[in-house]
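Undergrad: Quick one: the structure is below, questions incoming.
The values are calculated or read from the model by the stated rules, or taken from the named source; none is laboratory data. These numbers were taken from a predicted model, which means no experiment stands behind them. Reconstructed Cβ throughout: ideal geometry from the backbone, glycine too, with neighbour counts over all protein chains shown. Ligands, DNA and RNA are excluded from the accessible area calculation, which covers all protein heavy atoms including side chains. Shrake-Rupley method; radii C 1.70, N 1.55, O 1.52, S 1.80 Å.
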Amino acid sequence: MNPVGIDIPRADGPSKVRGDAQYVDDIRPAGCLYGATVRSPIAHGKLLGIQKDPDFDWSDITVVTCLDIPAQNVVLLMTEDQPALADGVVRHVEEPVALVAASSPARARAAVAHIKVLVEALPAVLDPLTAQNNPIQIFGTDNVFKQISIHKGDKTDDGVIVEGTYTVGHQEQLYIEPQGMIAVPRADDGLTLIGSMQCPFYIVKAIAPMLGHGRINVIQATTGGGFGGKEEYPSMLAAHCALLSIKTGAPVKMIYQRDEDLRATTKRHPSVIKIRSVVSPQGELLQWDAEIIMDGGAYNTLTPVVLSRALLHLCGPYRCPRQHLEGVAVATHTPPNGAFRGFGAPQAMYAVERHMDAIARTIGMDPVAFRRLNLIRDGDTTPTGQALVDTGAHLVLDVALKAAEAEVKTPAIHPGGGVGRYARGRGVALVFHGCGFTGNGEARIKGKVAVELQDRCVQILTASTDIGQGVDTTFPQIAAAALGIGVSRVSNAPHDTAMVPDSGPTVASPTCMVVGGVLRTAALKLKAALQAETGLDTDDFDTLLDARTHTMALRVMAEYQDDGSMDWDDATYSGDAYPCYGWACSVVDLDVDLDTGEVLYRRYVSATDVGKAINPVIVEGQLEGGAIQGLGYATCEEVVLDDQGRMINDRLTNYIIPTTLDAPEMITRIIEIPYSGGPFGAKGIGEIPMDGPAPAVASAIEAAVGVVLNRLPMTPERVLSALEIKERS
Amino acid sequence: MVKPNLLKDIINIWGCTGLSGIDSTEYGFRIGALSTWTEVRQATALPPALIECAATVGAQQIQNRGTVGGNIVNGSPAGDSLPMWLVLDAEFEVASTRGVRRIPASEFWTGYRKNAMVDDELLVAVHIQPKSTDILHYRKVGTRMAQSISKVVLGARLRIADGRPIEARFAMGSIAATPVRLPTVEAAVLAGEGADAATHMAQDITPLDDIRSTSGYRLNVATRVVRSFLEQYLGA
Amino acid sequence: MTQFSLNGHTTSVDAPPMTRLIDVLREQLRLTGTKEGCGEGECGACTVLIDGLPVNACMIPVVQAEGTQILTVEGLAEDERLHPIQTAFINYGAAQCGICTPGFVVAAKALLDAQPNPSRTEVREALAGNLCRCTGYQKIIDAVVEALGGQP
Ligand SMILES: Cc1cc2nc3c(=O)[nH]c(=O)nc-3n(C[C@H](O)[C@H](O)[C@H](O)COP(=O)(O)OP(=O)(O)OC[C@H]3O[C@@H](n4cnc5c(N)ncnc54)[C@H](O)[C@@H]3O)c2cc1C
Ligand code: FES
Ligand code: FES
């Protein structure tokens, strides 16, 4: 039976339901010490040093500062701007300044509480709108991480002009397992790093310059959620554990407490987006001008890539002859923002879809009819001039609306004591999402996968980690299908950089589509190698194995091959931005509580083009999980900063994500428009579900109570204040 | 606040049987201080609004462990049950080696997390005498459906005779250092202003901004939930 | 010394009375199936049953475990045989990253014992103290409703 397209139960299911799966905090190497971090109390300042409380017992405590760094003081990512420990200057609140190791986590935290960071405050730039070219320099000479313009067509003002400004705040990934890492000294004077992470090879590359050598291997422990938050940030923990481990000579474990994790780690980039459009009186889009200012925080991290994706989605899945997009990502003295599911697209799609509603409202058209009229179709071009094929916007719209015709069975659960008054509304949003890396990123990254024949079974060696999205299950399905064997004969090697080749990072949801494709190639190469070895040209794997004269292991490796079909120019930002696109439509039904402005979700329907669902249950799980993150982004998840840029709602009581009672029942429709470059047609699906919920909710609130909200999150405070204004007028 | 010494300053009262149990008495109910919210939810003889209140405290895990007494003595302004005790004219039975006394709810919370008990007193039970003819109402506004801390929490009690309100009690939490009664609104209800009585809210409360919400929102919501309640029972 | 029954076995631990139950379980007894997601009673990853009731082990001082019966996720399966709730979690894809899963299955076990055939809304209410960031809850509710004898 072909295992592709089948709901094979997750490979890691049994260990997870039993509680046996080993997450980083479950691992305790002998003689392990515990690390903790001393952080900057202010946004920007001259770092004069640290002061240890003389009354505290320091005898069993190790302290590390930037002076202990063996080589270069950097956690390397796209640029070399971010130090492992601040040296001379602090650029954001909570920036790591020093580290301690002690025999217990409580001792380590006590030691941190007895270290004072001596700083001389300097004026800080916290507002992204004043950051560019501010005389107070944070990054480079102009505080700009990246600036991009994309232009298609000329300009016109001949039509109805609609303008709008859309603002989105930070969002926290909120993996339920906080960040954690362990460094263990190796016999060869190197280090093994074990932790909660998405990208083991990132860590190798990030900390080698700091260590001054490459004697490191990185092992992924079972990882309790990432959503981008464990893409680049774990490198920081790895650097810190490594420094403490070098100084103490012992294994060192560092687990962030929830409040520290919330205050110190990366978030989704806040952005301000302005759109000005020109439409014909009949509702055809004639011109679309959009600009985005994105707040990157104090260090570059992956901000340029996030900006790029935001900009490439700032036109929506709509056809338009004139598209002019401008984007700038700036530095502020706030904790760096970084990768988060959707990578800039959720911000853009919220603005685009809100603006589409604004146009429909202005010209008096039904919002769905207006979208339908302007849907991008086969042969239309994107702002970068990419001509699209196999577009699915119309299909996902039709399927979602059809599914939404079913009666909403489960009522919204209204809070206790509900004599409340409610207004009901439905909202629709249409989105698209470029799959894979921008431009021909895959060709640059050249992801590698190996497969090894061991006896009569096959092991997959890849650095693509399972962070809950299920690749440890779908990869064996892909390999088994390629080899024509049962999925139970395929297993995954541990994700240890000492054993597996660099498959590229587990990000931007191309894992299944791109790395899965390389895996399929590797599996086919394995079969070819067996055919060559045995001289048989049968496709039957077991016949080939039977014909072998020995049982020696056989390993083959495949690397991503650029087929040259993509034409992308990074200098001019033109050409084929992504190898393919996914399409999705969200229909949300909700009640607005007229007394409190609270939004109560009744049902969430989505239709999503996934190319090919290798494992439908896993795909649905991704789509539903992304949806709830999007619904949280829409109404309740807000990061509140103080005057130093510190997140002050740093507890789960105050940064609130939806519970089972807030989450609506969902109808999840999978649509398969195959992508010829993906294994069995699969596209990336991890990110697209995050794009549609927030704008659909905004639309539904508008339908329910007639107020227009253009700012995320649409908290009860914002809904009610808009309602009050409307009632008064 | 002085940090307690975890070895010396803490007495484990969990399991003291004298502090537990929910019993009906001749006059009403005696709710042992150690009653958990789960036990309150299961005590179906209690007024439904009080059971609703219990059901909104945290979620199941918290309700299985959190106690009525802890909520009262902790005295957090966001303590969800506190407005209910105020409108129910509850009495708190406290005990020490000197004996037992009763403190009316209206005199209990004296400041931010301060109360009228002295250091060596223990809260033993809460006494309430609900009248089946009264309308008792609870409304929590906390943005999330479970595990939420109130932005505004309302307790209300209304007695209507011949279609006219003859007794009105309103109390709110999360809007000041202690839960507060709404005297102006209550007087306006008794004066026959109907749902418009809610418009006097600003005379009774001056909420603050904090990380969870804004003063403006709290005032608006307080007004609106009271108005909604009054409209339901007194007409628009 | 504090003595309690843990997954059916009499267990004694020597820990200061205010030690959190979760630390006793994870660090002293090395039962690491009970997870810590927040340490403040919000996420439910540390849910265990004390005398049949779900509670957050991060909020319980070990002194209050004296004489109780504690069930952790490790006590659910009988040898190799998974509990039906665990099987349903696998079949429905209700565990993704899995960090919330022990808390959910333990909370669901308490619901099963208290009330077979619950409605979806009742399941949602019983699990409202458990946060999951991966699944959107849909598959978790499906799994629990099915395992508890209802129609998902
Ligand atoms: C995740 C979470 C969610 C929560 N959600 C809510 C909510 O929605 N609404 C809400 O109101 N509260 C909530 N709380 C707060 C708290 O759980 C409840 O207020 C609970 O009722 C407190 O009871 P307890 O027995 O746990 O008190 P404890 O925390 O044990 O005690 C609180 C204080 O009261 C003292 N005390 C307790 N009992 C007595 C007594 N009999 N005599 C004298 N002093 C006493 C204690 O010494 C302590 O100073 C939540 C807490 C958490 C952790
Ligand atoms: S760790 Fe106990 S509730 Fe989160
Ligand atoms: S499965 Fe990851 S948090 Fe629930």
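Undergrad: Using a 1.4 Å probe and counting only protein heavy atoms, arrange C:LEU29, A:LEU661, A:LEU397 so the residue with the most accessible area comes first. Provide the component values of the computation, followed by the final result.
TA: Values: C:LEU29 55, A:LEU661 25, A:LEU397 0 Å².
Reading off the accessible areas and sorting them downward yields C:LEU29, A:LEU661, A:LEU397.
Undergrad: Roughly how much accessible area, to the nearest 100 Å², goes out of reach of solvent when B and C pair up, both sides summed, probe 1.4 Å?
TA: Details: alone 12420 and 7890 Å², together 18770 Å².
The summed interface area works out to 1500 Å².
Undergrad: Bin width 5 Å, origin at 0, all Cα-Cα pairs of region B:90-236: what percent of pairs per bin?
TA: With a bin width of 5 Å, the distribution comes to 2, 9, 17, 19, 17, 16, 12, 6, 3, 1, 0.
Undergrad: Express the accessible area of chain A per residue in Å², computed with a 1.4 Å probe while the remaining protein chains stay in the model.
TA: 32
Undergrad: To continue, here is another question. State, in angstrom, two size descriptors of region C:84-147 derived from its alpha carbons: Rg to one decimal place and Dmax to the nearest whole number.
TA: 10.2, 28
Undergrad: In percent, what relative contact order does chain A have, based on Cα pairs under 8 Å that are 6 or more apart in sequence?
TA: 16
Undergrad: Along the charge dipole of the protein assembly as shown, Cβ charges K/R +1 and D/E -1, which of A:PRO616, A:LEU519, A:LEU174 sits furthest on the positive end?
TA: Farthest along the dipole direction, towards plus: A:LEU174.
Undergrad: Report, in debye and to the nearest 20, how large the dipole of the protein assembly as shown comes out about its Cα centre when Lys and Arg carry +1 and Asp and Glu carry -1 on their Cβ.
TA: Working: 95 positive and 127 negative charges, 184 e Å.
Once rounded to the nearest 20, the dipole reads 880 debye.
Undergrad: Ignoring ligands, DNA and RNA and using a 1.4 Å probe, state the total buried accessible area between A and C in Å², rounded to the nearest 100.
TA: Answer for the A-C pair: about 4200 Å² buried.
Undergrad: Between A:GLU120 and B:ASN12, what's the calculated FRET efficiency when r is the beta-carbon distance and R0 is 51 Å? Round to 0.05.
TA: It comes to 0.60.
Undergrad: Further question on the same structure: Based on DSSP H assignment, which helices of chain A show an axial Cα extent of at least 20 Å together with a mean Kyte-Doolittle hydropathy greater than or equal to -1.0?
TA: Counting only whole DSSP H runs, the qualifying helices are A:234-248, A:345-363, A:516-534, A:616-635.
Undergrad: Just the number: Rg to Rh for region A:427-500, Cα atoms, Kirkwood Rh, two decimals.
TA: Taking Rh as the inverse mean 1/r over Cα pairs, Rg/Rh reads 1.09.
Undergrad: Over region B:135-234, calculate the relative contact order: mean separation of alpha carbon pairs under 8 Å at least 6 apart, over the residue count, as a percent.
TA: 21
Undergrad: Could I ask something else about it? Using the Kirkwood radius over Cα pairs, work out the Stokes-Einstein diffusion coefficient for region B:19-128 at 37 °C and 0.692 mPa s, in µm²/s as a whole number.
TA: Rounded, D is 237 µm²/s.
Undergrad: Quick one: order C:SER5, A:SER271 from most to least accessible surface, probe 1.4 Å. Numbers along the way, then the final one.
TA: Numbers: C:SER5 25, A:SER271 5 Å².
Most to least solvent-accessible, the answer reads C:SER5, A:SER271.
Undergrad: Evaluate the charge dipole of chain B about its Cα centre and quote only its size in Debye, nearest 20, assuming +1 on the Cβ of each Lys and Arg and -1 on the Cβ of each Asp and Glu.
TA: Charge dipole, chain B, about its Cα centre: 540 debye, nearest 20.
Undergrad: Can you figure out the FRET efficiency of A:PHE56 with C:ASN7, using R₀ = 45 Å and their beta-carbon distance, to the nearest 0.05? Write out the running numbers ahead of the final one.
TA: Working: r = 40 Å, r/R0 = 0.90.
For R0 = 45 Å, the calculated efficiency reads 0.65.
Undergrad: Along the charge dipole of region C:2-74, which of C:THR47, C:THR10, C:ALA57 sits closest to the positive end, that is, farthest toward it, with unit charges on the beta carbon of Lys, Arg, Asp and Glu (+1, +1, -1, -1)?
TA: Ranked along the dipole, the leading option is C:THR10.
Undergrad: On to the next question. Tell me which GluC sites (Glu not before Pro) from region B:1-91 have a DSSP coil assignment and no more than 13 other beta carbons within 10 Å of their own.
TA: Passing both the DSSP loop test and the Cβ count: B:GLU26.
Undergrad: Regarding region A:1-112, what whole-number volume in Å³ per residue does the convex hull of its Cα atoms give?
TA: 221
Undergrad: Tell me the GluC sites (Glu not before Pro) within region A:228-290 that lie in a loop according to DSSP and have at most 16 other beta-carbon atoms within 10 Å.
TA: On the way: sites: A:GLU231, A:GLU232, A:GLU260, A:GLU284; in loops: A:GLU231, A:GLU232, A:GLU284.
Counting only loop positions with at most 16 other Cβ atoms within 10 Å, the GluC sites (Glu not before Pro) in region A:228-290 are A:GLU284.
Undergrad: If you wrap a convex hull around the alpha carbons of region A:581-715, what volume per residue comes out, as a whole number of Å³?
TA: It comes to 136 Å³ per residue, whole-number rounded.
Undergrad: Loop only by DSSP, 11 or fewer other Cβ within 10 Å of the Cβ. Give me the chymotrypsin sites (Phe, Trp or Tyr not before Pro) in region B:73-150 that pass, ordered by residue number.
TA: Working: sites: B:TRP85, B:PHE92, B:PHE108, B:TRP109, B:TYR112, B:TYR138; in loops: B:PHE108, B:TYR112.
Here the chymotrypsin sites (Phe, Trp or Tyr not before Pro) that fit, given the DSSP loop and packing criteria, are B:TYR112.
Undergrad: Could you order B:ASP196, B:ASP209 by accessible surface area, starting with the largest, using a probe radius of 1.4 Å?
TA: B:ASP209, B:ASP196
Undergrad: On a 0 to 90° scale, report how tilted helix C:101-114 is relative to the longest principal axis of chain C, with both axes built from alpha carbons and the result rounded to the nearest 10.
TA: 80
Undergrad: Same structure again: Using a simple spin-label model with points 7 Å from Cα along the Cα→Cβ vector, what separation in nm is obtained for B:TYR233 and A:ALA547?
TA: 8.7
Undergrad: Follow-up question, since we're still on this one. Would you compute, from DSSP H runs of 4+ residues alone, the mean residue ellipticity of chain C at 222 nm, taking -39500 (n - 2.57) per run and dividing by the full residue count, rounded to the nearest 500?
TA: Calculated from helices alone, the mean residue ellipticity at 222 nm is -7500 deg cm²/dmol.
Undergrad: Still on this structure, please answer the following. For region A:116-251, what is the relative contact order in percent, using Cα pairs closer than 8 Å and at least 6 residues apart in sequence?
TA: Rounded, it is 22 percent for region A:116-251.
Undergrad: So what's chain A giving for Cα Rg divided by 2.2 N^0.38 Å, two decimals?
TA: Ratio of Rg to 2.2 N^0.38 Å for chain A: 0.96.
Undergrad: Report in % the part of the accessible area of chain C that belongs to carbon and sulfur, leaving out ligands and nucleic acids; probe 1.4 Å. Intermediate values should be presented prior to the final figure.
TA: Numbers: 2410 of 5060 Å².
Here carbon and sulfur together make up 48 percent of the probe-accessible area.
Undergrad: Based on Cβ point charges of +1 for Lys and Arg and -1 for Asp and Glu, what charge dipole magnitude is obtained for region C:2-74 about its Cα centre, in debye rounded to the nearest 20?
TA: For this selection, approximately 120 debye.
Undergrad: What's the longest uninterrupted piece of chain A once you rule out the trypsin sites (Lys or Arg not before Pro) that are loop residues per DSSP with at most 15 other Cβ within 10 Å? Mind showing how you got there, number by number?
TA: Values: sites that count: A:LYS155, A:ARG186, A:ARG215, A:ARG377, A:LYS409, A:LYS446, A:ARG456, A:ARG548.
In chain A, the maximal stretch lacking such sites is A:549-729.
Undergrad: Moving on. Can you give the longest run of chain B that contains no trypsin sites (Lys or Arg not before Pro) sitting in a DSSP loop with at most 15 other Cβ atoms inside 10 Å?
TA: The longest uninterrupted stretch comes out as B:132-236.
Undergrad: Taking the Cα centre of region A:161-283 as the origin and placing charges on Cβ (Lys, Arg +1; Asp, Glu -1), which of A:ILE161, A:THR266, A:LEU191 is farthest toward the positive end of the dipole?
TA: Final value for the positive-end residue is A:ILE161.
Undergrad: Separate question: Starting from the Cα coordinates of region B:87-177, work out the convex hull volume and express it per residue in Å³.
TA: On the way: hull volume 12.4 nm³, N = 91.
Hull volume normalised by residue count: 137 Å³.
Undergrad: Ok, one more. Out of the total accessible area of region B:135-234 (probe 1.4 Å, heavy atoms of protein only), what percent is carbon and sulfur?
TA: In region B:135-234, the share of accessible area belonging to carbon and sulfur is 50 percent.
Undergrad: Shifting gears a bit: In whole percent, and with a 1.4 Å probe on the protein chains, what portion of the accessible area of region A:60-193 is carbon and sulfur?
TA: 51
Undergrad: Give me the lysines in straight-line cross-link reach of A:LYS683: C-alpha distance below 17 Å, same-chain residues under 8 apart excluded.
TA: Qualifying lysines at Cα under 17 Å: A:LYS612.
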